[in-house]
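Here is the structure we will look at.
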Amino acid sequence: MKQTPCVLAFDLGASSGRALIGEIVMDESGGPSQLRITEVHRFPNNAIQIGNHLHWDTPLLLQEIKNGILKAFQAGFEPESCAIDTWGVDFGLLDRNGELLGIPYHYRDHQTEGLVEEVSAFIGAERLFRESGLQFMPFNTLYQLYAMKKAGSPKLDLAETLLLTPDLFNYFLTGRKACEFSMATTTQLYDPGVGEWNTSLMEELGLPTSMFLEPVQPGTVIGELTDALCSELGVAKMKVIAVASHDTESAAAAVPASTSSYAYLVSGTWSLLGTAMTSPILDPAAMEYQFSNEGGADGTYHLLKNIMGLWIVQECKRKWEQQGTRHSFGDLVDLAEAAAPFHCLIDPDNLGFMNPDDMPEAIRSYCRETGQHVPLTVGEIIRCILESLALRYRQVLEQAEELTGSLFEGLHMVGGGIQNELLCRFTANALGRPVWTGPVEASAIGNMLVQLETCGHIGDLQDGIELVKSSFPINTYAPESQQEWSEAYARYMQIVKTPVQSKVNAN
Ligand code: LFR
């Protein structure tokens, strides 16, 4: 039986990974009319503390990728290609024999604490921003490597090649080493103004410069599954493609916008609020607001900001489970909905929420320090988080408008977080503008679109966006109760200016 063209996308997130098949459904005239997605595998992704460091379980993730390939074939698909997208910044180091040196660190490991300040003082914050265009997030590759250097890590001495996470898995699948552009731009060691690795910065920081490969653009075929892997799994050969392998950029490539200027929010563990651009904005205003310029698919740059996101909810849930109370995400949202509005607000991006031992306590202590009502019940805490996130989105959207000179009509929300309808409603209310949600699996879909373009099944990404529009529902949330939300925003802006003892974050 002749199959419809199909590709396999792996989307690895901080809490779970999934493998999805994307198939082009043809219309009567033989042209592509719909993208049909089928999840063939889903698996948890848990960080592991080993001694003093937090790591990814890289071998297990590779095993799950292999399981995903196998399951795709077992389900009767014969994908032409596969591609992997993951979170940014993290990496594996290879020795001169091409073997992995140690277990890759997780970006929430504490090794980089204090290094943003230290490196800024040493290099100069303005220069650092101008030459990287990146928000000073403590986990950026630059700070991780600098932490290793300060710790005298022998791995750095032995490293011959640095591969960012998707590149590392692509290497395990194909035996080919490559560096994909969108991931390179998350390191803070790539200069987007010049379009090259910033080797002088590396030298000044004492980092080896030779382990970075020349970046390749999304849409580059890296190779094929190795013979060994095909016989291990008993599957046919397929191409392995570098897509916009940073998950945020894959998601951004699937935003079903109808205007040339639009804002989007990729909602999941993180909330990434941004807008597509043709070139990076590297001026002091972008630094002051701490935005990033990240490389995307199709030669785009995306001006975007990391906002702490649903991580805060996930961590509360985890803590309550540890203490013996289990709640589903649905229960948490119901309890939040039943709680009183605007009792207390937090700055979700206060660094105290980056990786505390006890997230509910971190929230209570923030509220205590800022002289607010201290939330005690589960409902109060979750409501506080969701309202604060929505208000933060307004603040960041307005900053993005200021930086770009655009006026955004509303906000496109994509990613798993849009299943939290209360958050979508709150966001429309906080913005006083419509919120359009969908698709949920944006990263996997953006990943598929670049594969389909590379394999010649769609003309370009714009064709892909049209497919997205005709294949996935888009919901609209209209703003309601403006008065209350405007008052809450004014209060929020006061609260985030209040100095707190716990770690602070700029802008
Ligand atoms: C989202 C994301 C963000 C990145 C963060 C850490 O999954 O990729 O874009 O800043 O994870 O890598």
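Output the number of the condition that ASP109 fails; it satisfies all remaining conditions of (1) charged (D, E, K, R); (2) over 20 Å from the mean Cα position of the chain (by Cα); (3) more than 30 Å from ILE37 (Cα to Cα). For ASP109, the failing item is (2). Please determine whether any residue of the stretch 187-196 is assigned to a helix (DSSP H, G or I) and away from the ligand (no atom under 16 Å from the Cβ). No, because not a single residue in the stretch 187-196 is assigned to a helix (DSSP H, G or I) and away from the ligand (no atom under 16 Å from the Cβ). Just one of the listed residues (GLY379, GLY309, GLY405) is over 29 Å from GLU113 (Cβ atoms), surrounded by 17 or more Cβ atoms within 10 Å (Cβ to Cβ) and small (Gly, Ala, Ser), namely GLY379. Residue pairs whose Cβ atoms lie under 7 Å apart, separated by 6 or more positions or on different chains, with the first residue in the stretch 243-272 and touching a residue at least 24 places away in the same chain (Cβ under 8 Å) and within 16 Å of the ligand (Cβ to nearest atom) and the second part of a loop (DSSP other than H, G, I, E, B) and β-branched (Val, Ile, Thr), are HIS246/THR186; SER250/VAL243; TYR264/VAL255.
Looking only at the stretch 443-484, residues that are among the small types (Gly, Ala, Ser) and in a helix (DSSP H, G or I) come to 6 in all. Each residue in the stretch 416-434 was checked for being within 29 Å of ASP283 (Cβ to Cβ) and in contact with a Ser or Thr (Cβ under 8 Å, 6 or more places away or on another chain), and 1 pass. Among the residues of the stretch 135-164, the ones that are within 16 Å of the ligand (Cβ to nearest atom) and not in a strand (DSSP E or B) come to 12 in all.
Meeting the requirement of 1 or more residues that are within 16 Å of the ligand (Cβ to nearest atom), the strands (runs of 3 or more DSSP E) wholly within the stretch 1-83 are 6-12, 16-26, 32-44, 53-55. Which residues, taken from the stretch 84-99, are surrounded by fewer than 18 Cβ atoms within 10 Å (Cβ to Cβ) and either closer than 16 Å to PRO166 by Cβ or within 16 Å of the ligand (Cβ to nearest atom) (or both)? Hits for the stretch 84-99: nothing passes. For GLU117, the stated conditions do not hold, so it cannot be described as more than 16 Å from the ligand (Cβ to nearest atom), free of Cβ contacts under 8 Å to residues at least 24 places away in the same chain, charged (D, E, K, R) and within 18 Å of ASP57 (Cα to Cα). Scanning the stretch 307-328 for residues that are more than 17 Å from GLU380 (Cβ to Cβ) and under 20 Å from the mean Cα position of the chain (by Cα) gives ILE307, MET308, GLY309, LEU310, TRP311, GLN314. None of ASN429, ASN447, ASN420 is more than 19 Å from the chain's Cα centre (by Cα), crowded, with 19+ Cβ neighbours inside 10 Å and in contact (Cβ under 8 Å) with a residue 24 or more places away in the chain except ASN429. Considering each residue of the stretch 112-132 in turn, none proves to be part of a strand (DSSP E or B) and more than 21 Å from GLY223 (Cβ to Cβ).
Computed from the coordinates by the stated procedures, all read-outs in this text should not be read as laboratory data. It should be emphasised that the depicted structure is a prediction, and the values quoted were computed from it without experimental measurement. A quick note on method: Cβ atoms are made from the backbone with ideal geometry, for glycine too, and the neighbour counts reach across all protein chains shown.
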